[in-house]
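Here the structure comes first, spelled out in structure tokens, and everything after it is commentary.
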Amino acid sequence: MSLTTKLCRPLLSPRFMTTTTRLMSDTTAYNCKALNVTQAAPFVFNVELNRPNKMNALNKTMWEEVGEVFTKLDRDQECRVVVLSAAGKMFSSGIDLSDLSQLASVVYSEDDIARKSMFMYQNIRHLQDLFTTIEKCKKPVIGCVHSACVGAGVDLITTTDIRLCTTDAWFCVKEVDMGLAADVGTLQRLPKVIGSQSLVSDLCLTARRMGSEEAERCGLVSTVFQTKEEMMSAAMDMATMIAAKSPVAVQGTKMNLVYSREHSVEEGLDQVAKWNMTMLQSEDLMKSAMAAMDKSNTEPPEFANL
């Protein structure tokens, strides 16, 4: 063992404490009606759409809870990775039609058109922002889709970082058949997710179903599994692997990937340089380096919460 490794090995010990004060907090309580939020493993949370009797249709309650939960998870130091899945027979049948009918009542009311339009704009922007909390959450989100993923369900999964699905999964941008343009993220995010404007136009203008094989081929999902159980097991393994790594590195990687997707290469390079001018001074870098050098220690280093 080298002298450098001997001197720095204490950094790998859970007893090692830096002089920097760390903000530690207990796991936040997540009490939801339309979502089931559990800590599936150390630093890994599972957020499950939980309206199985309604085919996980997205109603106002579920929409609001998505925003609230991912805002909390972003700040929860006990969370490092999130798995997004769904209970019941399918992932989601899309927007709850009863909620859509409430918006229709506004459209056909006798109120002034300017005021109705402002209400509709603010409502749409609010729904968009609730889904965007997933994208803005610094913790990586792994989306797990089984069976149907329709309409708003597609809006939802395009905000995730990694997507997995089962062989029976299918995806449908249904809005054009409902007489409207998709307005909660699919038209903006799907072209960047799969990289083919032609295929996106095909899916969004025809509202046809895209099966799991095509979804994997075009890059909407990275892996297809035979069963939901196999998919969830693989997702948890992946989440656990990511959660064991430096949260400084993981969160920095996600934030810079999202930033670079919306900016030029030069702007992305400048952003990551600004990020790392600080984060390269983190103790996590030394811990990771020493762990890689110390062949006698097979245990991964322990990282403080971020």
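The values are calculated or read from the model by the stated rules, or taken from the named source; none is laboratory data. Not measured: the values here are computed from a predicted model. Note that we place each Cβ from the backbone using ideal geometry, even for glycine, and neighbour counts take in every protein chain shown. Side chains included, ligands, DNA and RNA excluded: accessible areas come from the protein's heavy atoms. Shrake-Rupley method; radii C 1.70, N 1.55, O 1.52, S 1.80 Å.
Ordered by packing density, taken as the mean number of other Cβ atoms within 10 Å over each peptide's residues, highest first, how do 169-179, 286-296 rank?
169-179, 286-296
Averaged per residue, what accessible surface does the range 195-273 expose to a 1.4 Å probe, in Å²? Write out the running numbers ahead of the final one.
Details: 4380 Å² over 79 residues.
With all protein chains present, the range 195-273 gives 55 Å² per residue.
Rounded, prolate or oblate, given the Cα gyration tensor of the range 168-306, with a/c below 1.5 counting as rounded?
oblate
Choose one of 293, 92, 79: the residue whose Cα lies farthest towards the positive end of the charge dipole of the chain (beta-carbon charges +1 Lys, Arg; -1 Asp, Glu; about the Cα centre).
The residue sitting farthest along the positive end of the dipole is 293.
Once you order the gyration tensor axes a ≥ b ≥ c over the Cα atoms, which shape class does the range 135-194 get: rounded for a/c under 1.5, otherwise prolate or oblate by comparing a/b with b/c?
Because a/c hits 1.5 or more and a/b fails to exceed b/c, the range 135-194 counts as oblate.
Classify the range 109-157: rounded, prolate or oblate, from the alpha-carbon gyration tensor (a ≥ b ≥ c, eigenvalue square roots; a/c under 1.5 rounded; otherwise prolate if a/b is larger than b/c)? Could the numbers behind the result be given before it?
Details: a/c = 7.25, a/b = 2.01, b/c = 3.60.
Oblate, because a/c is 1.5 or more while a/b does not exceed b/c.
If you take the Cα atoms of the chain, find Rg, then find the Kirkwood Rh from the mean of 1/r over all pairs, what is Rg/Rh?
1.02
Mind putting a number on the dipole of the chain about its Cα centre? Charges go on the C-beta only, +1 for Lys and Arg and -1 for Asp and Glu, and I need it in Debye to the nearest 20.
Working: 32 positive and 37 negative charges, 140 e Å.
About 680 debye.
Could you check how much of the accessible area of the range 188-306 is carbon and sulfur, as a whole percent, using a 1.4 Å probe?
Numbers: 4060 of 6900 Å².
Carbon and sulfur together cover 59 percent of it.
What translational diffusion coefficient, to the nearest whole µm²/s, does the range 81-233 have by Stokes-Einstein, given a Kirkwood radius computed over alpha-carbon pairs, a temperature of 20 °C and 1.002 mPa s viscosity? Kindly include the intermediate steps, with their values, before the conclusion.
Details: Rh = 16.3 Å.
Stokes-Einstein gives a translational diffusion coefficient of 132 µm²/s.
Beyond a 20 Å Cα-Cα separation, which of these cross-linked pairs lie in this structure: 72/192; 138/274; 54/116; 174/228; 136/254; 54/89?
Violating the 20 Å limit, Cα to Cα: 72/192; 54/116; 174/228.
Can you tell me the dipole magnitude for the range 152-262 around its Cα centre, using point charges on the Cβ only (Lys, Arg +1; Asp, Glu -1), in Debye to the nearest 20?
300
Calculate the translational D of the range 55-117 in whole µm² s⁻¹ from Stokes-Einstein, where the hydrodynamic radius comes from the Kirkwood formula applied to all Cα pairs, the temperature is 37 °C and the viscosity 0.692 mPa s.
So the translational diffusion coefficient is about 227 µm²/s.
Under 18 Å from the Cα of residue 287, which lysines turn up, not counting those fewer than eight places away in the same chain?
6, 245, 295
Contact order normalised by length for the chain, with contacts defined as Cα pairs under 8 Å and 6 or more residues apart; what percent is it?
19
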